[in-house]
Ligand SMILES: NC(=O)c1ccc[n+]([C@@H]2O[C@H](COP(=O)([O-])OP(=O)(O)OC[C@H]3O[C@@H](n4cnc5c(N)ncnc54)[C@H](O)[C@@H]3O)[C@@H](O)[C@H]2O)c1
């Protein structure tokens, strides 16, 4: 089974790629290196002794995103590619909306068109505010209101 990890040279993405390779999935990474370095791929290879395919693609570019899906046909997608810095998102919200929404919409469009069967989206634990219990389960209620600073 081939899993596409978008943002796969980023913080969470790279750890996810290591876990997937250790469990013998075939892994493709798509990342535009906006907030990471291609050397991360070498570190992943050193840890796992396996080689993920790396594609330097900006997912806000639909034509390039479609070309990746058409050429490589992933079975599943785990989507981590996004801007995440809370402070910068407040300074420049439009750029965050542009990057994060356009990437997400392009990836979802391609999942449907090219039959990627599963899609996992990495949201933010901030949506749970102060959780009732830890660790937070996927069934935990989404809460409005106060967001704790520790979550950042
Ligand atoms: N770090 C955390 O503790 C945490 C917790 C919960 C959720 N998340 C969410 O998980 C996601 C990943 O977080 P992270 O900490 O790994 O961030 P990160 O910045 O380390 O990784 C994100 C990766 O996405 C890439 N990227 C950004 N825009 C792109 C684009 N248009 N096309 C291709 N690649 C692009 C960046 O180059 C980077 O390598 C974010 O959505 C974040 O909000 C993070």
Discussion item. Testing the spin-label approximation: label points 7 Å from Cα along Cα→Cβ at residue 15 and residue 2. State their distance in nm.
Written reply: 2.8 nm
Discussion item. Once you keep just the Cα pairs under 8 angstrom separated by 6 or more residues, what percentage relative contact order results for the stretch 2-121?
Written reply: 29 percent
Practice prompt. Select from 21, 104, 139 the residue whose mean-square fluctuation is largest in a Gaussian network model of the chain (Cα-Cα springs shorter than 10 Å).
Written response: 139
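What value in Å³ per residue do you get for the convex hull of the alpha-carbon atoms in the stretch 53-92?
Each residue corresponds to 94 Å³ of Cα convex hull volume.
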Worksheet, complete the sentence: re the chain: pairs of Cα atoms spaced beyond 21 Å account for a percent value of 49 percent
Worksheet entry | Among 40, 127, 86: highest mean-square fluctuation, GNM of the chain, C-alpha pairs under 10 Å | 127
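All of the numbers you see were taken from the coordinates with simple rules; none came from a lab. These numbers were taken from a predicted model, which means no experiment stands behind them. Using ideal geometry, Cβ is built from the backbone for each residue, glycine included, and neighbour counts are taken over all protein chains shown.
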